[in-house]
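Worksheet for the structure shown next.
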Ligand code: AMP
Ligand code: MG
């Protein structure tokens, strides 16, 4: 094979200075979990955007990555020193239907060991076909990869566990999608790991030894405090339920709609993963759906807690053979543990909503206070983010009889807590973002970027990286989409 057809891993002097420190613990799992395969080189690699701050936190030199080495690594034309590329195998329920999947367009380069001692996956997304590509081309378009970059970084700045985006590299090649040819790109994704509920479903399709190995690996990597539990698979299930309950409560706090909560898109680490047709709500409506293919609203904003529980039930099913040697006791253990999700979600959600209202103390009527506000927002189609931001800004309430009544009961409730008004404002400001990735702003930034102008995208990212900054005046970034823009659609064909 010719030199250029295969990425080489021969390190150059600048490569070793870049700070790569890759290990491969996942590759030591049984063979059925991975397939060794290299990225397919592209015609004209070029770094479109680099996350310098993230790079430095990973122990990588941003300057080294910004140069031609970075372009070659991020496009998959050359492997960083120590890389050992593989595609991960997994299964999953997509819209409720079980399928064999696997990384069809992503390749794991390895696990970077950060200066703080963390182990994070470095994955290329859009890096060419793998044995799991089925009919896909293994590629990604520039627009959706920049979109993942923007939204994942916004989620991180909002304080929500998420995979991160290190870089987007243009390939200089075209990808063909419904609407014709689009510029191609590769996203470099950083994740606590890429182990999914679907990875367990895949393991359960195979042998029990593989399943046990995956349980052990996941516990050691993400829940070391539970690794020595009496019943490790049960401890894993319980820990994942807790993290997912906390995660979904955070999504609900900021109005995030994931859009495609298939079981292969739920990470065992508790990070938000696989940004496809996701978007933030503006007018408050639990039935909000953005994905063009989610016609029945399975993944609607208000359905997310129930879907998370459905997905966790699939995880529990996969774990059944190792929860207990007999089926009935295994089912009983799974059901008892799954039964905790609703309470745990409610706990996290209520705690988050209390903070949004500036409440430090707990009163039994708080849930009703919150419900009444949400119902008013729903009826009046009020903007979710801006309604809460207005409460944090402590301005005069809107001229609406019903709202004024609600505002009075809230003010009375605030007066019953020992904390000062100023402390409450501070809590509200720390819990209610001013800046979220508004759909029309994201679209405008992506359109400009695809025409070669990265200015709007960089300005948007700058605002989104301080979402709780009430001192910043960027009124154009706070407005909901112009009237008539209510049919915002996101697409899965990314
Ligand atoms: P997603 O909707 O991004 O979670 O992807 C679902 C599955 O489809 C995963 O197994 C992906 O690897 C695969 N996939 C998505 N797009 C492509 C593509 N362009 N080529 C090959 N596989 C793909
Ligand atoms: Mg996926």
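Considering 147, 177, the condition of being touching a residue at least 60 places away in the same chain (Cβ under 8 Å), over 14 Å from residue 40 (Cα atoms), within 16 Å of ligand 1 (Cβ to nearest atom) and more than 19 Å from the chain's Cα centre (by Cα) is satisfied by 177 alone. Restricted to segment 97-121, and to residues there that are under 22 Å from residue 168 (Cα atoms) and away from ligand 2 (no atom under 16 Å from the Cβ), the residue that is surrounded by the most Cβ atoms within 10 Å (Cβ to Cβ) is 109. Scanning segment 122-137 for residues that are in contact (Cβ under 8 Å) with a residue 12 or more places away in the chain and either outside the structural domain of residue 49 (by TED's automatic domain parsing) or away from ligand 2 (no atom under 14 Å from the Cβ) (or both) yields a count of 7.
Just one of the numbered conditions (1) over 25 Å from residue 96 (Cα atoms); (2) assigned to a helix (DSSP H, G or I) is not true of residue 335: (1).
Quick check on residue 93: is it in the same structural domain as residue 30 (by TED's automatic domain parsing), within 30 Å of residue 263 (Cβ to Cβ), within 16 Å of ligand 1 (Cβ to nearest atom) and without any contact (Cβ under 8 Å) to a residue 60 or more places away in the chain? No; evaluated as a whole, the condition is false for this residue. You will find that of 248, 307, 293, 241, the residue that is under 27 Å from residue 355 (Cα atoms) and within 15 Å of ligand 1 (Cβ to nearest atom) is 307 and no other.
For segment 252-268, a tally of residues being more than 13 Å from ligand 1 (Cβ to nearest atom) and surrounded by fewer than 24 Cβ atoms within 10 Å (Cβ to Cβ) returns 4.
Consider segment 187-207 and keep the residues that are within 12 Å of ligand 1 (Cβ to nearest atom) and in a strand (DSSP E or B). The one that is surrounded by the most Cβ atoms within 10 Å (Cβ to Cβ) is 187.
Just to be sure before I move on: is residue 99 part of a strand (DSSP E or B), out of contact with any helix residue (DSSP H, G or I) (no Cβ under 8 Å at 6 or more places or on another chain) and outside the structural domain of residue 311 (by TED's automatic domain parsing) in the structure I sent? So residue 99 fits the description; yes.
What about residue 309, is it out of contact with any strand residue (DSSP E or B) (no Cβ under 8 Å at 6 or more places or on another chain) and part of a helix (DSSP H, G or I)? Spelling it out, residue 309 is indeed out of contact with any strand residue (DSSP E or B) (no Cβ under 8 Å at 6 or more places or on another chain) and part of a helix (DSSP H, G or I). Residues that are under 20 Å from the mean Cα position of the chain (by Cα) and either surrounded by fewer than 19 Cβ atoms within 10 Å (Cβ to Cβ) or not assigned by TED's automatic domain parsing to the domain that holds residue 240 (or both) within segment 310-330 comprise just one, 310.
The values are calculated or read from the model by the stated rules, or taken from the named source; none is laboratory data. Predicted model only: the values in this text are computed from it and were never measured. We place every Cβ from the backbone using ideal geometry, glycine too, and count neighbours over all the protein chains shown.
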